[in-house]
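Just so it is clear, none of the values below were taken in a lab; they were calculated from the coordinates. Just so it is clear, the model here is predicted, and its values are computed rather than measured. For neighbour counting, all protein chains shown are included, and Cβ atoms are generated from backbone atoms with ideal geometry for every residue, glycine included.
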Amino acid sequence: MQERVIMAGFGGQGVMSMGQLLTYAGMIENKNVSWLPSYGPEMRGGTANCNVMVSDEPIGSPIVTEATATIAMNRPSLDKFEADVVKDGNLLINSSLIDRKAERDDLKVYYIPANEVAVELGNSKVANMVMLGAYLELTKAVKVESIIEALKKVFGERKAHLIPLNEKALAKGAELVK
């Protein structure tokens, strides 16, 4: 198994956090992992993406050129990275912010209203976790329990109260693609 994922959006959408959590969860499961961030020049609102690999085999390069999945959180990200997904790969589109359909018909495409779901859950900041939950349901790259374990390490005691909300967001995302 080798998952090669491009996660992309604008700064502030939690794209980097999503990638780090997937990477940490892979480490918890003793898998080979890599996380390669890429930022636009702006701090917030600029483009942000990361390449994540989770593999049973050693990883030769952290750069994802043929993604098994792309998670597009906004329209510019879909425009830029749709072409990088391999045939029959997964394309997860945040339909809350993206007003177009996928152009390719050789992919498994999922339209996920991540922002609306996050607002329903009570916090717009968990849209990234909704998308991550959907991705995990489709690929089984890592266990949701490993993501929760990674969240505990990342959040620490100060933000531990946010873990149940993030768990709900992951579950809701999974539900949307079942």
For 49-62, 119-132, ranked highest to lowest by mean beta-carbon neighbours within 10 Å, the order is 119-132, 49-62
In the range 2-177 the DSSP beta bridges are antiparallel at a rate, in percent to nearest 5, of 55 percent
Calculated from DSSP helices alone, with each H run of at least 4 adding -39500 (n - 2.57) and the total divided by the residues of the chain, [θ]222 nm to the nearest 500 comes to -12000 deg cm²/dmol
For Lys152, counting only lysines whose alpha-carbon sits under 25 Å away and dropping same-chain residues fewer than eight positions off, the answer is Lys31, Lys125, Lys140, Lys143, Lys168, Lys172
Cβ density ranking, 10 Å radius, fewest first, applied to Leu36, Leu22, Leu176 yields Leu36, Leu176, Leu22
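Averaged over every viewing direction, what's the projected area of the C-alpha convex hull for the chain? Give it in nm², one decimal, please.
9.5 nm²
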Final fewest-first order of Tyr24, Tyr39 on the 10 Å Cβ neighbour count is Tyr39, Tyr24
